[in-house]
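The values are calculated or read from the model by the stated rules, or taken from the named source; none is laboratory data. Bear in mind that the values here come from a model prediction, so they are computed numbers and not experimental data. Don't worry about glycine lacking a Cβ; one is built from the backbone with ideal geometry, like all the others, and counts go over all protein chains shown. SASA here: full protein model, heavy atoms, side chains in, ligands and nucleic acids out. Shrake-Rupley method; radii C 1.70, N 1.55, O 1.52, S 1.80 Å.
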Amino acid sequence: MVNGRGDDGAGEGHGIPTLAERERGLAIGYAPSAVRPRLEALFALDTTLGAILKTTREPMVGQMRLTWWYEALVRLDSAPPPAEPVLQALAAHVVPRVSGAALAAIAEGWEALLETPLEDDAVERFAQGRGGLLFAAAAKLSDVEDARIALAGQGWALADLALRLSDDARAAAVAARARERLDRALTGRWPRRARALGALALLARADVDPARRPAGSPARVGRLLLHRLVGY
């Protein structure tokens with residue numbers, strides 16, 4: 001039911017950033033210079049966990065690979081990282097502020113997508129576990145507190161899932177849930193230190209807009225720049 005049908009995948013797997021990846025890089029670039037390596041390491045973890053779901057056909061194999069990551073993340077709290085670049089970056093930039101156990105909970109959020117059929121409660125656990133916890137960790141790394149950030153993360157995760165569901169009716173329902181949360185999260189002005197996350201939420205909202213503009217379009221990039229300047 002979950003696939004990679006998104007239209008921004010050209011170059012994927014060949015080391016060439018997709019347009020969506022470039023947009024995300026632009027958004028993360030809005031963070032203060034001291035915060036940027038933390039967010040880059042954190043979102044590299046999210047990309048790695050997502051790749052497990054995208055490249056695994058057998059749920060049992062996916063479960064085993066996610067379990068390995070769960071255990072490796074927990075161990076970051078008590079032992080040096082192994083020779084794995086993502087884990088080393090997390091140990092250097094993230095774990096001093098966000099525990100490995102907290103990062104492991106994000107892997108549990110991804111695990112919800114292994115359930116077949118994908119019921120509403122699994123979608124909700126994914127939204128909260130992948131998106132809500134990821135953005136909450138990013139907020140902590142950015143030294144900012146705002147209740148909207150976790151909500152934005154849930155909407156961001158739901159929007160991404162909606163783009164990858166092969167069932168059109170199911171995708172539309174998930175997209176509607178994403179719009180509702182993102183619209184609530186994007187109400188009001190965002191603090192300057194959180195605008196990288198606000199920009200990611202704006203990109204997600206654009207992805208589930210009925211009149212969706214393609215990644216990298218001038219309208220999308222211009223909207224990000226406006227958010228960076230004024231916080232709306």
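For this structure, a couple of remarks:
- Contact map, segment 72-88: residues that are under 17 Å from Ala101 (Cβ atoms) paired with residues that are of a type outside the set (A, V, I, L, M) and open to solvent by 60 Å² or more (accessible area, probe 1.4 Å), Cβ distance under 6 Å, separation 6+ or inter-chain. Pairs shown: Pro81/Gln88.
- Residue within segment 41-62 that is in contact (Cβ under 8 Å) with a residue 60 or more places away in the chain, in contact with a Lys or Arg (Cβ under 8 Å, 6 or more places away or on another chain) and hydroxyl-bearing (Ser, Thr, Tyr) present: no
- Taking the criterion of being of a type in the set (Asp, Glu), surrounded by fewer than 19 Cβ atoms within 10 Å (Cβ to Cβ) and assigned to a helix (DSSP H, G or I), the only residue of segment 90-115 that qualifies is Glu108.
- So Gly62, is it open to solvent by less than 50 Å² (accessible area, probe 1.4 Å) and farther than 17 Å from Arg130 by Cβ: no
- Applying the condition of being of a type in the set (D, E, K, R) and either open to solvent by 40 Å² or more (accessible area, probe 1.4 Å) or over 15 Å from the mean Cα position of the chain (by Cα) (or both) to segment 22-39 and asking which residue is farthest from Arg97 (Cα to Cα) yields Arg22.
- Output for segment 207-222, where each listed residue is in contact (Cβ under 8 Å) with a residue 24 or more places away in the chain and in contact with a Lys or Arg (Cβ under 6 Å, 6 or more places away or on another chain): Val208, Arg220
- With respect to (1) surrounded by 15 or more Cβ atoms within 10 Å (Cβ to Cβ); (2) part of a helix (DSSP H, G or I), the lone exception for Leu118 is condition (2).
- Single unsatisfied condition, Ala89 versus (1) more than 15 Å from the chain's Cα centre (by Cα); (2) farther than 18 Å from Trp68 by Cα: (2)
- Count - residues of segment 208-230 that are farther than 15 Å from Gly29 by Cα, open to solvent by less than 30 Å² (accessible area, probe 1.4 Å) and of a type outside the set (Lys, Arg): 3
- Residue-level check: of (1) at pLDDT 95 or above; (2) closer than 23 Å to Val208 by Cα; (3) outside any helix (DSSP H, G or I), Asp8 misses just (1).
- Residue within segment 159-170 that is among the polar types (S, T, N, Q) and within 13 Å of the chain's Cα centre (by Cα) present: no
- The condition (being more than 29 Å from Asp120 (Cβ to Cβ) and either at pLDDT 95 or above or crowded, with 17+ Cβ neighbours inside 10 Å (or both)) is satisfied by just one residue among Leu76, Leu42: Leu76.
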